[in-house]
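**Student:** Could you have a look at this structure, given as C-alpha cells, before my questions?
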Amino acid sequence: MKASLVLAAVLMLPATAAPAGTAPRDSWEWPLSPRPAVLRAFDPPDKPWMSGHRGVDLEATHDGAPVTSPESGTVSFVGVVVDRPVITIDHGGGLRSSFEPVDSPLTAGTLVAKGERIGTLQPGHCGAIACVHWGVRRGDAYVNPLEFVADLRPSILLPLGPDTG
C-alpha cells in the first residue's frame, strides 16, 4: 500500500512540479539541421542590465550553414548589431526569435514559414567552432529557447522492484 501511494505521488509530480512552459511546443523546430549540440546554455542575468547569456549557442555543421525559422512569423529586423548580422522574427503572441551571426536577404515585413531558410550562418561567434546564437523573448523578457524544442521537465526515476519497506 505504501509503495502504491509513493508511486502515485511520483507519477503526479511532473505535472505539478515542472515549471510552466518547460514542455516543448509541438510546432517549433530547431533552426539548424541536423539537430545541433548546445555549446552554451541559457544563463539569464539576475537583473536586466547585468551580464549573462540571453539565449543559447547551437553548434552548426559548418560556417555558411542554412538557418531556418523555428516557427512561422514575420521578419521584424534584419541588420547589424554592434558587429554582427542579426535577423529577428516575430512569431506572434509576444514571442520573437533572434539569430546571430546570420546574413539574410530578407527584409522587415517578410512572412516566413516554419522551416523556411531565413539566412546563412556567418563565422566568428564561437571562435573556430561554427555556431549560431538563438535568443527568444516573450514581451521584454528573455526565455530559454530550448523550451520551444526540447522537453526540459526533470526526469523522474520510478522503482522497479517490489515494496521492501
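The values are calculated or read from the model by the stated rules, or taken from the named source; none is laboratory data. None of the values given here were measured: they were computed from a predicted structure. Using ideal geometry, Cβ is built from the backbone for each residue, glycine included, and neighbour counts are taken over all protein chains shown. All accessible areas refer to the heavy atoms of the entire protein, side chains included, with ligands and DNA or RNA removed. Shrake-Rupley method; radii C 1.70, N 1.55, O 1.52, S 1.80 Å.
**Student:** Show the residues, 5+ positions off or on another chain, whose built amide H is closer than 5 Å to the amide H of residue 76.
**Tutor:** 88, 89, 90, 109
**Student:** If you roll a 1.4 angstrom probe over the protein chains with everything in place, what fraction of the accessible area of segment 84-155 belongs to carbon and sulfur, to the nearest %?
**Tutor:** With neighbouring chains kept in place, the figure for segment 84-155 is 50 percent.
**Student:** Quick one: accessible area per residue over segment 92-135, 1.4 Å probe, rounded to a whole number of Å²?
**Tutor:** Each residue of segment 92-135 exposes 44 Å² on average to a 1.4 Å probe.
**Student:** Sum up the charges of everything whose Cβ sits under 15 Å from the Cβ of residue 90, counting Lys and Arg as +1 and Asp and Glu as -1, but leave residue 90 out.
**Tutor:** Residues near residue 90 contribute +1 overall.
**Student:** Just subtract the alpha-carbon distance of residue 76 and residue 62 from 0.36 nm times their residue separation and send over the number in nm, one decimal.
**Tutor:** 2.4 nm
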